[in-house]
Amino acid sequence: MPPRVDGHIFDVPPYIAAAAGSNQPLRESIGFFGRFLRNPTQIGAVLPSSRYLSRALVGRLDLAPGQAVVEFGPGTGPATAVLHELLPKGVHYLGIELDEGFHGLLTRRFPTLQFVNGSAADLRAILADRGLPAPSRIVSGLPFASLPPKAHDDIVSAVVWALRQTGGEFRTFQYVHAYGMRTARRFRAMMQERFAGFERIGPTIRNVPPAFVLRYWDAK
Ligand SMILES: C[S@@+](CC[C@H](N)C(=O)[O-])C[C@H]1O[C@@H](n2cnc3c(N)ncnc32)[C@H](O)[C@@H]1O
């Protein structure tokens, strides 16, 4: 009998979930897939990122006490787990997740971290509400290739506003198969206009599907 997720039955071949990362529980992958079926544009992926992609995405955290790191779209938390391990003492973490179900899961999975159920586009108001400083690092799991242009514009403006203050860095990933899509190219063109520094890492092939990590720094 396939596992039930929120009253629905999803039959995901275990090899697909296993291929996504050796330490991803099957239940988490199935729950993620269920969320994707309900809202494909917002979720933008069929499986959570693997540990390999999450490590490449997070990179090194050269942050000092009092600084902040913000994660956009943590989902079920694969990159959050890496951030949690690497987070230097005294560095603030804030995760902003639009999906209510994922938000609930994250607060249970990482009780010592702070999460908001809201949109990355509202970064400025969210930080002000919580009295948090502008982040020195933003790690994004947002599916820019499937988000509408208005979301690109609002989120990129919020990112530039924050990173101009701190001189910090933005990191995201894009799937190899979607890299050439018009929306993906539009996002990169906009970022390249707003940031002097850019590096593409990878692809990480131990992820379903394989993905590049993109780094941006020196916000203009
Ligand atoms: C491709 S999934 C990535 C999830 C996770 N980071 C991972 O790598 O497995 C995209 C996530 O972004 C969230 N999301 C989409 N639009 C968002 C927005 N405007 N603000 C915050 N989260 C958003 C979705 O709900 C989903 O959890």
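The values are calculated or read from the model by the stated rules, or taken from the named source; none is laboratory data. Please read all numbers here as calculations on a predicted model, not as lab measurements. In this analysis, Cβ positions are derived from the backbone assuming ideal geometry, glycine residues included, and neighbour counts consider all displayed protein chains.
How do the pairs read when you match residues in the range 145-174 that are assigned by TED's automatic domain parsing to the domain that holds residue 73 and within 10 Å of the ligand (Cβ to nearest atom) with residues anywhere that are among the hydroxyl-bearing types (Ser, Thr, Tyr) and part of a loop (DSSP other than H, G, I, E, B), using Cβ under 9 Å and keeping only pairs 6 or more apart or on different chains?
145/179; 151/119; 154/119; 155/119; 173/49
Residue by residue through the range 125-154, note down the ones that are within 20 Å of residue 192 (Cα to Cα), touching a Ser or Thr at 6+ places or on another chain (Cβ under 9 Å) and not in a loop (DSSP other than H, G, I, E, B).
Of everything in the range 125-154, those that are within 20 Å of residue 192 (Cα to Cα), touching a Ser or Thr at 6+ places or on another chain (Cβ under 9 Å) and not in a loop (DSSP other than H, G, I, E, B) turn out to be 137, 138, 139, 140, 144, 145, 146, 149, 151, 152, 154.
Take residue 43 and tell me if it is over 30 Å from residue 165 (Cβ atoms), at pLDDT 80 or above and out of contact with any Gly (no Cβ under 7 Å at 6 or more places or on another chain).
yes
If residue 75 satisfies every condition in (1) more than 8 Å from the ligand (Cβ to nearest atom); (2) more than 23 Å from residue 218 (Cα to Cα); (3) outside any helix (DSSP H, G or I) but one, which is the exception?
(1)
Just to be sure before I move on: is residue 61 more than 10 Å from the ligand (Cβ to nearest atom), modelled with pLDDT under 95 and touching a helix residue (DSSP H, G or I) at 6+ places or on another chain (Cβ under 6 Å) in the structure I sent?
Yes; evaluated as a whole, the condition is true for this residue.
Tell me which residues, restricted to the range 187-198, are more than 17 Å from residue 141 (Cα to Cα) and charged (D, E, K, R).
Of everything in the range 187-198, those that are more than 17 Å from residue 141 (Cα to Cα) and charged (D, E, K, R) turn out to be 193, 194.
Keeping to the range 108-124, report how many residues are more than 12 Å from the ligand (Cβ to nearest atom), assigned to a helix (DSSP H, G or I) and surrounded by 16 or more Cβ atoms within 10 Å (Cβ to Cβ). I'd like the intermediate steps shown before the answer.
Of the residues in the range 108-124, the ones more than 12 Å from the ligand (Cβ to nearest atom) are 108-114, 124.
This time we only want the ones that are assigned to a helix (DSSP H, G or I), so: 108-109, 124.
Imposing the further condition that a residue be surrounded by 16 or more Cβ atoms within 10 Å (Cβ to Cβ) reduces the set to 109.
Residues flagged as more than 12 Å from the ligand (Cβ to nearest atom), assigned to a helix (DSSP H, G or I) and surrounded by 16 or more Cβ atoms within 10 Å (Cβ to Cβ) within the range 108-124 amount to 1.
For the range 81-104, name all the residues that are more than 8 Å from the ligand (Cβ to nearest atom) and either in a helix (DSSP H, G or I) or touching a His at 6+ places or on another chain (Cβ under 8 Å) (or both).
Passing the criteria: 81, 82, 83, 84, 85, 86, 93, 100, 101, 103, 104.
Residue pairs, Cβ under 8 Å, 6 or more apart or interchain, first in the range 184-205 and at negative phi and not assigned by TED's automatic domain parsing to the domain that holds residue 140, second surrounded by 13 or more Cβ atoms within 10 Å (Cβ to Cβ) and acidic (Asp, Glu). List them.
Here the result reads none, with nothing in the range 184-205 linked to a residue that is surrounded by 13 or more Cβ atoms within 10 Å (Cβ to Cβ) and acidic (Asp, Glu).
Mind checking which pairs have a first residue in the range 106-120 that is in contact (Cβ under 8 Å) with a residue 24 or more places away in the chain and within 16 Å of residue 85 (Cα to Cα) and a second that is within 12 Å of the ligand (Cβ to nearest atom) and not in a helix (DSSP H, G or I), Cβ under 7 Å, 6 or more apart or different chains?
Sorted first by the residue in the range 106-120, then by its partner, the pairs are 106/74; 106/77; 106/95; 106/97; 106/115; 109/77; 110/77; 113/95.
Which ones in the range 125-147 are among the basic types (Lys, Arg) and surrounded by fewer than 22 Cβ atoms within 10 Å (Cβ to Cβ)?
Kept after step one, since they are among the basic types (Lys, Arg), are these residues of the range 125-147: 130, 137.
Within the range 125-147, 130 is the sole residue that qualifies.
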